[in-house]
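A short write-up of the structure that comes next.
The values are calculated or read from the model by the stated rules, or taken from the named source; none is laboratory data. Just so it is clear, the structure is predicted and the values come from calculations on it, not from any experiment. When we count neighbours, we look across all protein chains shown, and the Cβ atoms used for this are built from the backbone with ideal geometry, even at glycine.
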Amino acid sequence: MPVHHPDKAQFTTAASRGFADVDTWVFDLDNTLYPSDAQVWPKVDERITLYVMQLYGLDGISARALQKYFYHRYGTTLSALMQEEQVDPHDFLDFAHDIDHSSIKLDKDLGDAIERLPGRKLILTNGSRRHAENVAAKLGILDHFEDVFDIAAADFVPKPERSTYERFLLAHGVEPTRAVLFEDIARNLAVPHDLGMATVLVVPKITDPYREAFEQEAVREPHIDHITDDLAAFLSACVLPEAGCGSGERR
């Protein structure tokens, strides 16, 4: 079903907060750089459930329930398993991201839009570098990015922990007041906004049954500068002078 968008106008223009001073464009990976019909996250989610099944000797329904409990309590299943079971994070990530990428389609519009952005482009993900590179390559956008800051680079501390963003900014010499972050989960934008980054929430066009409802909500909060359900169109507007992206104040 379609996701409810409280103010459709703000989904189609970046004019309300200009990006004239932005020299670093930072993107989350999963459910941000690809649409839900790419079927990437459902495959990863199923692999995580399978991992929990095998680790605890559970049936699928029980493993799924435990996985979601871990997610809500610890932020990620990996964090829970590292703390409770001393699981090797590299083994977990290799297993979770061992998926079929054939459903991911080349996104020429997105690639063109990212290529035209002035300045640096980086990926900041709670997943692995290998996963990010595999997915970005299939989308046809990998070559547009300078680097990937993954969960290993964050010492396996996931977003939205403040230390992860601070570590990212330091590692890549990013001045937060000259950077913008694109994310699909509203709570992951609170700390970046507090640090001075502009923020853009990327929401799905239709509800994804594999994801939590709160993850897909078009949240209207002070730490959300913009909301879009069409990333390529939003980015294209950012490089068009007539779109007014170089002027305006953050709301």
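At-a-glance table
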item	result
Any hit, region 122-134, residues being part of a loop (DSSP other than H, G, I, E, B), aliphatic (A, V, I, L, M), assigned by TED's automatic domain parsing to the domain that holds E161 and within 26 Å of V26 (Cβ to Cβ)	no
Subset of region 206-218 that is buried (at least 16 other Cβ atoms within 10 Å of the Cβ) and either among the aliphatic types (A, V, I, L, M) or part of a helix (DSSP H, G or I) (or both) - its residue that is modelled with the lowest pLDDT	Q216
Qualifying residue in region 52-59 (condition: closer than 30 Å to D98 by Cβ, crowded, with 20+ Cβ neighbours inside 10 Å and either assigned by TED's automatic domain parsing to the domain that holds V239 or at pLDDT below 95 (or both))	no
Subset of region 176-205 [under 10 Å from V22 (Cα atoms) and outside any helix (DSSP H, G or I)]	A179, V180, M197, A198
Where V191 falls short, out of the listed (1) without any contact (Cβ under 8 Å) to a residue 40 or more places away in the chain; (2) at positive phi	(2)
Among the residues listed as A179, A96, A186, A132, the single one being surrounded by 21 or more Cβ atoms within 10 Å (Cβ to Cβ), touching a Leu at 6+ places or on another chain (Cβ under 6 Å) and touching a residue at least 40 places away in the same chain (Cβ under 8 Å)	A132
Options L78, L106; residue that is under 24 Å from A136 (Cβ atoms), among the hydrophobic types (A, V, I, L, M, F, W, C) and touching a residue at least 40 places away in the same chain (Cβ under 8 Å)	L78
Which listed residue is surrounded by fewer than 16 Cβ atoms within 10 Å (Cβ to Cβ) and in the same structural domain as I185 (by TED's automatic domain parsing), from E115, E85, E46	E115
Exclusive hit being of a type in the set (V, I, T) and under 30 Å from C238 (Cα atoms), set V26, V87	V26
